[in-house]
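Peer 1: Questions regarding the structure given below will be posed in turn.
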Amino acid sequence: MHLFHKRGASTVIFLALLVAFTIVVTLLSEGMGVGIISTSFVKTLGKTLCLALVAISMDLVWGYAGILSLGHFALFGLGGYMIGMWLMYERTREIVVSSLADAPIPPTVQEVSDAIANQIFGVVGSTEFPLIWAFADSLLAQLMLVVLVPGVLAGVFGWLAFRSRVAGVYLSILTQAMTLALSLYLFQNDNGLRGNNGLSGLQNLPGLSDVSQAVVSVWFLWGAALALGLGYLLAVWVVFGKFGSVLRGIRDDEARVRFLGYPVETYKLVLFTGTACMAGIAGALYYPQAGIVNPAEMAPIASIYLAVWVAIGGRGRLYGAVIGAAFVSLVSSWFTGGQAPDVSLGFYTIKWVDWWLVVLGLSFVLVTLFAPKGIGGLFDLLERRTAPDRHGADLGPDQGALREKEASE
Amino acid sequence: MSTLLEVSGVSVSFDGFRAINNLSFHIGPAEMRAIIGPNGAGKTTFMDIVTGKTKPDKGRVIWGARHLSLLGLSEARIAREGIGRKFQKPTVFEDQSVQENLLMALKNPRGPLSVLFYRPLAAHLARVAALAEEIGLADHLHRKSGALSHGQKQWLEIGMLLAQEPKLLLVDEPAAGMTPAEREHTTNILVEAAKTRAVVVVEHDMEFVRRLGCKVTVLHEGSVLAEGSLDHVTANKEVIDVYLGR
Ligand SMILES: Nc1ncnc2c1ncn2[C@@H]1O[C@H](COP(=O)(O)OP(=O)(O)OP(=O)(O)O)[C@@H](O)[C@H]1O
Ligand SMILES: [Mg+2]
């Protein structure tokens, strides 16, 4: 089937570029190469790969199945929190144990635990471990929670929403409400996750304090590249073939899919939950590179940005999501990071830190209006793959065939 | 003769307006039936009720040898029970190729897991090719269905119906917007299908109905006005008054 070759080709190209990118960055890094690329920029690139992964999950739900979720970035943040709990606990335990090692009497288990709790929760005026930290001492458990917590949350939410056939704008609003509720909850100081302080020091890997950040940053780049590659392959496998057909069918006319006998609600639930797990994994790889995860990261606006990236990159094609996330997030950090030179108009100086959001919003509007296929659509021009545009034209070869306008009546 | 679908005493109102009024209808396992009636008679609403899209206020809809009640089942479940439907306005997945449309409709397990691991077997592709041949789209298998003509879309939808291998086909105005030659082809497809299953066709075009050569049910204001051969119902004075005479 010619379709397969086309998709196969874009997958091979994507993976080859990803591998090449990873090798080049490694060779130019401070940690393992000639040191042209600073460690902080390696981290930025590694984080960008994670954003590309969450963008793929967003593209699956929105671009393929038409569910405009405005909550996937919150699920991404939850993944970060889950891995952050272990990182913070374990790292603090190390420090506490080594500082208590000099004490004349060896500390009891309780004393160690209290000291860790005091270190972690002192900022929010608490000295006890909340219940949700029950598994924080186990890396394996927290890794499972990286997938389970976003998955279960999305599963329960999706089950409630899809079962009552909430769709379209209403569903988007509900996902925003979920996101808002989640971030408001996380902002509270007594929720056991350190309120607006969030979890910090995540860049320090327990047991590896003698390894420099320059090296760790390259490790994470590899991890993120591997996750993105695997995630991309999984997504290709999911959307290629009949499952993808059904998803696109749901996007374009879900009632029709139902009359073909497909349980549409179950499909949506499976997809929503699966992509939530994917978002969680992406977040778990992102936040150790960022070093800190806090509720501001999960504010409703972040999930809206995610949708903007996918729209600008081109939804409904996986590499479009990757391009959108990478391009917009890198450009955005350039503008907001103060690196972009101010533009002086004489009477007014454009400071990009302030104006970037306006530019982003404007490009979103322009893309939506004039280039609905986004940046990814440019590849169609190369391939000359054009959608049939028959507006107003004869629909068929036969003399008596209706024109399109009549046909829709 | 045994009954495949039995609708009895069904009524439904939309905001107080009775679209279907104490309607009773039944059809056997390999029977062709035409439903005619003026605009707003409730023909499409009748199909909505049978396929689970609209819940009736009262009445029974009984299906098959096991006397399963269709009321309260989801649309997808009813479709899996063997009721296929063609809509008044052609609805195919325009963004997908003719082959993809047909493969999606082809009778196979519908659950997410089996669909995820599904890869088309040679037999399935052959079946799709045969169907495409039957509906005259053999040369268009890899074209996006959005690029087809109106008549071709209608056929594709009929092909998707056949691919589902339903026991009952509900076909709403299949010939709308077709040329005479296309209409004839459509008649042939439907007559062929009715040899092995029940087919209910809603159509306004009397010539088309005549060529189907089957029993006719006339609907008016949500209930059955007359039933019998085409000549029988067209001779009926009431039918002439409310439908033909206008
Ligand atoms: N969802 C709905 N809400 C309100 N009124 C409806 C709804 N569906 C159908 N109706 C009304 O019920 C009546 C029957 O409609 P229906 O579509 O079944 O007619 P029909 O026999 O298919 O007509 P046509 O030949 O024009 O297709 C019409 O008056 C229509 O306006
Ligand atoms: Mg109708």
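Peer 1: If a helix is a whole DSSP H run, which ones in chain A reach 24 Å or further along their own axis (Cα) and hold a mean Kyte-Doolittle hydropathy of at least 0.5? Numbers along the way, then the final one.
Peer 2: Working: long enough: A:2-28 (39 Å, 1.64); A:39-58 (28 Å, 1.35); A:72-100 (42 Å, 0.66); A:139-163 (35 Å, 1.95); A:168-187 (29 Å, 1.52); A:213-239 (38 Å, 1.86); A:264-290 (38 Å, 0.77); A:318-336 (27 Å, 1.56); A:352-370 (26 Å, 1.97).
Answer set is A:2-28, A:39-58, A:72-100, A:139-163, A:168-187, A:213-239, A:264-290, A:318-336, A:352-370.
Peer 1: With angles folded into 0 to 90 degrees, how steeply does helix B:180-193 sit against the dominant principal axis of chain B? Use alpha carbons for both and round to 10.
Peer 2: Once rounded, the angle reads 90 degrees.
Peer 1: While we're here: At 0.36 nm per residue, and after removing the present C-alpha to C-alpha distance, how many nm does the segment from A:Leu160 to A:Ser40 gain when stretched out fully? Each step should come with its number before you reach the end.
Peer 2: Values: separation 120, 0.36 × 120 = 43.20 nm, distance 4.23 nm.
Extra length from A:Leu160 to A:Ser40 when fully extended: 39.0 nm.
Peer 1: Kirkwood hydrodynamic radius of the protein assembly as shown from all distinct Cα pairs, in Å?
Peer 2: About 28.3 Å for the protein assembly as shown.
Peer 1: How big is the charge dipole of the range A:2-408 about its Cα centre, in debye rounded to the nearest 20, if each Lys and Arg gets +1 on its Cβ and each Asp and Glu gets -1 on its Cβ?
Peer 2: Using Cβ point charges on Lys, Arg, Asp and Glu, the range A:2-408 gives about 1280 debye.
Peer 1: Follow-up. For the range B:5-244, compute Rh as the Kirkwood radius over C-alpha pairs and then the Stokes-Einstein diffusion coefficient at 37 °C and 0.692 mPa s; write the answer in µm²/s, rounded to an integer. Please report the intermediate quantities before stating the final value.
Peer 2: On the way: Rh = 18.6 Å.
Using the Kirkwood radius from Cα pairs, D works out to 177 µm²/s.
Peer 1: I'd like the mean, over residues of A:241-254, of how many other protein chain beta carbons sit within 10 Å of each residue's own Cβ.
Peer 2: The mean count of partner-chain Cβ atoms within 10 Å per residue comes to 6.
Peer 1: Place +1 on the Cβ of every Lys and Arg and -1 on the Cβ of every Asp and Glu in the range B:42-189, take the dipole about the Cα centre, and give the residue among B:Gly177, B:Leu113, B:Leu162 whose Cα lies farthest towards its positive end.
Peer 2: B:Leu113
Peer 1: Of the peptides B:154-165, A:276-287, A:321-332, how do they stack up when ordered by the mean number of other Cβ atoms within 10 Å, highest first?
Peer 2: Taking the mean over residues of other Cβ atoms within 10 Å, the ranking is A:276-287, B:154-165, A:321-332.
Peer 1: Just to be sure I understand: if you take the accessible area of chain A alone plus chain B alone and subtract the pair, with a 1.4 Å probe, what total do you get in Å², rounded to 100? Let's see the in-between values first.
Peer 2: Values: alone 20840 and 11790 Å², together 28970 Å².
So the total buried area for this chain pair works out to about 3700 Å².
Peer 1: Still on this structure: Would you kindly give the portion of the calculated P(r) for the range A:262-370 that falls above 22 Å, as a percent of all Cα pairs?
Peer 2: The answer is 46 percent, as a whole percent.
Peer 1: Here is a further query. Cα centroid distance between the range A:241-272 and the range A:338-376, in Å?
Peer 2: 37
Peer 1: Find how much the distance from A:Ala177 to A:Val152 grows on full extension, using 0.36 nm per residue of separation minus their present alpha carbon separation; answer in nm with one decimal.
Peer 2: Numbers: separation 25, 0.36 × 25 = 9.00 nm, distance 1.71 nm.
Gain in length upon complete extension: 7.3 nm.
Peer 1: Please state the relative contact order of chain A as a whole percent: Cα pairs under 8 Å, 6+ residues apart?
Peer 2: Working: 587 pairs, mean separation 113.3, N = 409.
RCO, chain A: 28 percent.
Peer 1: Now for a separate question. Of the heavy-atom accessible surface of the protein assembly as shown (probe 1.4 angstrom), what whole percent is carbon and sulfur?
Peer 2: 63
Peer 1: Keeping all protein chains in place, calculate the accessible area per residue for the range A:2-408 (probe 1.4 angstrom), answer in Å².
Peer 2: Here the residues of the range A:2-408 average 46 Å² of exposed surface.
Peer 1: Is there a simple number for the mean count of other chain Cβ atoms within 10 Å of the Cβ of residues in B:68-74, and what is it?
Peer 2: 1
The values are calculated or read from the model by the stated rules, or taken from the named source; none is laboratory data. Remember, it's a predicted structure, so these values are computed and weren't measured experimentally. Using ideal geometry, Cβ is built from the backbone for each residue, glycine included, and neighbour counts are taken over all protein chains shown. We work out accessible area using only protein heavy atoms, side chains counted, and drop any ligands, DNA or RNA first. Shrake-Rupley method; radii C 1.70, N 1.55, O 1.52, S 1.80 Å.
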